[in-house]
Structure formats: structure tokens, C-alpha cells
Ligand SMILES: Nc1nc2c(ncn2[C@@H]2O[C@H](COP(=O)(O)OP(=O)(O)OP(=O)(O)O)[C@@H](O)[C@H]2O)c(=O)[nH]1
Ligand SMILES: [Mg+2]
């Protein structure tokens, strides 16, 4: 994420509070009159711009509108931005740390405003720029303060000079200076205890430190940075006032702007003091510290387009929707293909069934033809059998008669009569047998035809 997007995101809550209200004002704007100016002041005060600063902005606007005959909402909006930028700007180099080495930075501020975290962030930034850094844990008052700084030091890879808890902060600074001089360190950053409950004590302590620095490190360039919690509102102004009464503050670090809707305090600090804001903290991470640039700050504050994160999220969301639609299309076409395949298989199966049925019908036809053939064959056979039998049966009595005549000729009339009598009886018997046999043969022929076999 770019510096500017991070800044915009960090200022999001202030923007929502101040800039969106200003936008609403400009949407219903007709002209810069007393009503409009009053509304403008109220909106600024709501985001923690002090009364003095709000009136100053509105007075300047009134004057410019008159002088330059400004009347469009867009021009008025741009003028409010320009006035704010002018208030914040303390000169081209004022907002930067000096690039000269060796540099000694003393970091001061009340409890919990973010001194130790800011020191770590600045140290990491300087290290990235190629400057060597050492840290001095001169907050010997709070338990675990030195430990906290040591953890940061290890994380960013810088040395931390520390003494045991309760020891003299000036003594730790003394050691730090000697270490920096010995190692040729570019920047020495000194953490201090955050207590302002006794102004005199603090003043004494800071004066003692000053004396050590002047004596032991006269060649050092100096920065005394006051850390202010950006979410403390108007109290921030009184903190700046009190600290500036006891020491020479060269810059302000304004922290926790990410958690507040009252970032307007930056404008008031800049307006009421000649001290430049040098860094702003927009989060707890090491990269969440930004060098303060008035023009960028104003742009980020008044920029009404979404933050880069929001844009990224929107792009991602749109991509997700597109992907979903594509997936649905793919699924649909896959379903269609499957359906087509199923239909093809069904058609194939139907065709196969039809073929099978045809084959069966053909087979049945063949079987019937075979049956008919065998029936025909059986009928013919039966007919042939019957004919043969009839022939044989027809032949048999003739042969018998011939035999009988032959034997009568040889055995006499009695024999002939007997024989003749017997032949008559036999004839009768044979006639009955013939009738029975024919009946049976007819029956057999019928069943053979029925079952297709003899
Ligand atoms: N959201 C947010 N939190 C911050 C920022 N700067 C510091 N903090 C948090 O504020 C808390 C206090 O920070 P410290 O750095 O310990 O503050 P300090 O001034 O050293 O505190 P003392 O040593 O007790 O005086 C910590 O939880 C930090 O993470 C910031 O810019 N944004
Ligand atoms: Mg601390």
C-alpha cells in the first residue's frame, strides 16, 4: 500500500467526521454568507479544530471570497483546503529531521502517548535510509520500559543501551552518548519517562540531560520531539504548551490519528504553535509512522474518493462476483454437456434395444420358419409312414391269401376249409386291427405336427 493510501486510511475517521460534513455543506451551498461561515466553523470545531483556528479559517475564507469574487462551491472548497495547507506548512525543511550526523533525538511526552513505539518506528525508518542507529532506554521509572525498548531494538536490529530499573536517566544517556561516539553511530534516540505530574521534577531532569549532552556530545545535532496522542483532543494543546515552557521542542509526533475522528487537532497545533509536526502515527505497526507533509495531509484529508484499500476491496469483490458468474456458466455448460451425453447414451441404448428387438423378432421368425419346416417335415414323414403302412397292410392279406392257397393245394379241402375258415376269422381280426392302427397313426401324426417332432 502506498504512503498516501496509508495516510488516507489512517485519517479515515477524521475524514468521515470533518470532510463528509464539509461535502454536505458544499452540496447544499448557494453562497458564502454568514450562515455558511457559521456552519463551516461548527464543522471544523466538531473535528477538534480549536475555536481560534476555526474562526481564523472562516475569516480568511470570507476575505478571499470577497477579494477574488469566488462563488462556486468547488472554488470555495478548494479555498478551504488552501487555507488549511497554509496553516499547517512551517517551511520546506521544518517538517523533516535533520540529515546531519551525529544526531541526538530526545523523545518526550506524557504517559502512554506512544513514545517508545514512535522511537522504534523512526529508528526502523532511519535504518532503511542507511543511517546507523542506537537507542537509549532512559525511561528508568516505569517497570519493563527498558525491556519494551529492547524488544523493539531486537526486532529492528539496533543496539539498545539500558541500565537497571530506577537508575538515573542522565547516567543511561551518558553511556549511550559514549557508545555512539565510540561506534560512530549516526543517530542516537533517547526514550524518556512519561510523567508530567510534577512539572518541576521533569524540568530538572530534562535540564540535567541537556547539560550532559552539551558536555559529552557537543558535536551532536539536536532534536527534541514531543509526542502527542492525537485522540486526546484539546488537551493536546495544553500538553504542547506545558512542554514548550520547560524545553525547546523542535518537532511534534502526533500519534494514533488512525483511531480518532478528531484529527483536526493537527491544524490547531500548527496554528497555535510555531512548532512543526514532523511525524504522524497512523497505526501500531513499524510502517505506520509517516513523515508529515502538509500538502499530502490536506490532500488525504479532503480527498473524497475511497481509500486504496476500499478500491482494492471493491476490485476484489468485483473479481469474486465475476469468478462466481464464470463458475456458474462453466457449471451450466458442464451440466448441458452431461445432459447431451446422457441423451446420446439413452439414444444409443434405445437403438440397441430396438436392434435387439429386431434381432429377436428375426430370431423368432427363424424359429417359426424352422418350426414350420420341422412341422412340415414331420407331417410328410407321418404321411410317408402311413402310406408305407397302408401299402404293407394292403400287401399282407394278399400274401397271406397266396400262402393259404398254396397250403390248401397241398393239405386237402379240410385243411383248405379249415384254413379257409381260419383265414376268414383272421381277416376279420386283421380288419379291426387295421382300423385301430390307423386311428393311432392319425393321432400320432396330429401330436407330431403339434410338437414339431415324430
Ligand atoms: N493505533 C495506534 N496506536 C499507537 C500508535 N502509537 C502508539 N500506539 C499504541 O499506544 C500504546 C502506548 O504506546 P507506547 O509506545 O508504549 O507509549 P509510551 O508513551 O512509551 O508509554 P509510557 O512509556 O508508558 O509513557 C501502545 O499500545 C502502542 O501500540 C499509533 O499511531 N496508532
Ligand atoms: Mg514508553
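Quick notes
- FRET efficiency, residue 71 to residue 296 (Cβ-Cβ, R0 35 Å, nearest 0.05): 0.75
- Part-to-part distance (alpha-carbon centres) for region 111-130 and region 197-247, which is given in Å: 17
- Cα gyration tensor shape of region 118-232, rounded if a/c is under 1.5, else prolate or oblate by comparing a/b with b/c: rounded
- Estimated distance in nm for a label pair at residue 111 and residue 339, the labels positioned 7 Å out from Cα along Cα-to-Cβ: 7.3
- Ordering 28, 14 from the fewest to the most neighbouring beta carbons within 10 Å gives 28, 14.
- Each peptide among 165-172, 358-365 gets the average number of other Cβ atoms lying within 10 Å of its residues, and from highest to lowest they stand as 165-172, 358-365.
- Extension gain, residue 51 back to residue 165 (0.36 nm per residue minus Cα-Cα distance, nm): 36.7 nm
- Computed lengthening from residue 34 to residue 317, 0.36 nm per intervening residue step minus Cα-Cα distance: 97.4 nm
- One chain, two ends: residue 242 and residue 324. Fully extended at 0.36 nm per residue, the span grows by 23.6 nm beyond their Cα-Cα distance.
- Compactness of region 233-355 as Cα Rg over 2.2 N^0.38 Å, two decimals: 2.29
- Simple label model, 7 Å out from Cα along Cβ direction - residue 360 to residue 377, nm: 2.7
- Taking one quarter of the surface of the convex hull spanned by the alpha-carbon atoms of region 225-282 gives a direction-averaged projected area of 3.3 nm².
Throughout, read-outs are computed from the coordinates displayed, never taken from laboratory work. What you are looking at is a predicted structure, and each value in this text was computed from that prediction instead of being measured. All Cβ positions, glycine included, derive from the backbone under ideal geometry; neighbour counts span all protein chains shown.
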